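Everything on this sheet refers to the single structure shown next.
The values are calculated or read from the model by the stated rules, or taken from the named source; none is laboratory data. Everything numeric in this text was worked out from a predicted model, so none of it was measured. Neighbour counts are summed over all protein chains in view; Cβ atoms, including those assigned to glycine, are modelled from backbone coordinates with ideal geometry.
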Amino acid sequence: MLGAMEWLNYHHLRYFWAVAKEGSLRRAAERLHVSQPSISGQLRELEDALGEKLFRRSGRSKVLTDAGQVAFRYADEIFALGRELVGAVQQRPTAQALRLYVGVADSFPKLVTNEILKPVFAMPQPVHVICREGKLEDLLGQLGAHRLDILLADEPAPSGSHGRTFNHRLGESSTAFCAAGKLARALKGAFPQSLHGAPALLPSDNTSLRRAVEAWFREIGVEPRVVAEFEDLALMKVMAAEGRGFMALPSVVAGEAVRRYGFQIIGLAETCQVQFHAITAERRRVHPAVIVLTESARRHLGGTPDAATPGRSSLSRS
């Protein structure tokens, strides 16, 4: 029996890729200098070959289905490799960037994201990073549809999530409490009891950081005065920089927060731990930038070399 790759028509694939890029048959036809009926026929043949609808209509535009999103990503990489091939054969230098699609859960600290991504930009091959932020559940759907290479989250993917996923614990961090100058100076002396009744800016209650901080407050018998809660952690830092309250953040990035926002550290809570996870889909090969990212993050955050669950899959090439 012939496999799909033996009869996939790359001419049809290029027509599909052009329509996906342009968003309509008309613009794709103008770009390719062919008729719209010709493109429509080619698309139907490609959809028949793949056994999936690749577009749905939205007004006058063509919008990619989930299957279309997957096909478009592969088509994009296929034609990028084609350009590299031509350049290599003709001995032209190429700086074709490797694409890395990163999902970032909205509860994941952005300063930690920045630290985790830094080694990717130092790779010998240029890397084009595409970051998508959102709710964990939504991003797991994109990961399951292979629209993401990796997902950064402050909790592992729950069992029964979209498709098969692998959780890789990158490490953990104690928690630092910080505030702008005057408030920080007032709270430093008798930390942590000084936080009792003090104005607090906290992440929303669906985050692991919030749960860890509240558990620590109960443990030490402290009840701050919550003045605001945030889903957007960047906005929380802006409010804290204006002196509206103290805030908590992973101590692994406390120094960077001091430098960027002018905070002062009130104190550290060693027993208030937050975890960091990378989530990947089961794939035959692992993205080289994912390997660099996870190995560096584990060294920085103290994660174990092989901590993937379920299946105990490592992040090395298979």
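What to note about this one:
- Screening Y74 on (1) closer than 21 Å to L143 by Cβ; (2) among the aromatic types (F, W, Y); (3) surrounded by 16 or more Cβ atoms within 10 Å (Cβ to Cβ) shows it passes everything except condition (3).
- Qualifying residue in region 164-175 (condition: in contact (Cβ under 8 Å) with a residue 60 or more places away in the chain, assigned by TED's automatic domain parsing to the domain that holds A269 and of a type in the set (F, W, Y)): no
- Each residue in region 190-215 was checked for being within 21 Å of V227 (Cβ to Cβ) and either part of a loop (DSSP other than H, G, I, E, B) or not hydrophobic (A, V, I, L, M, F, W, C) (or both), and 17 pass.
- Test: F217 is on the phi < 0 side of the Ramachandran plot and touching a residue at least 24 places away in the same chain (Cβ under 8 Å): no
- Some residue of region 148-169 being at pLDDT 90 or above, at positive phi and in a strand (DSSP E or B): no
- When residues in region 39-70 are screened for being exposed (fewer than 13 other Cβ atoms within 10 Å of the Cβ) and among the polar types (S, T, N, Q), 1 of them pass.
- Taken together, L201, L268, L293, L249 contain a single residue that is within 29 Å of I150 (Cβ to Cβ), of a type outside the set (F, W, Y) and outside the structural domain of V129 (by TED's automatic domain parsing), which is L249.
- Among the criteria (1) buried (at least 18 other Cβ atoms within 10 Å of the Cβ); (2) in a loop (DSSP other than H, G, I, E, B), the one G243 does not fulfil is (1).
- Checking each residue in region 142-160 for being without any contact (Cβ under 8 Å) to a residue 40 or more places away in the chain and within 11 Å of A281 (Cα to Cα) picks out only Q142.
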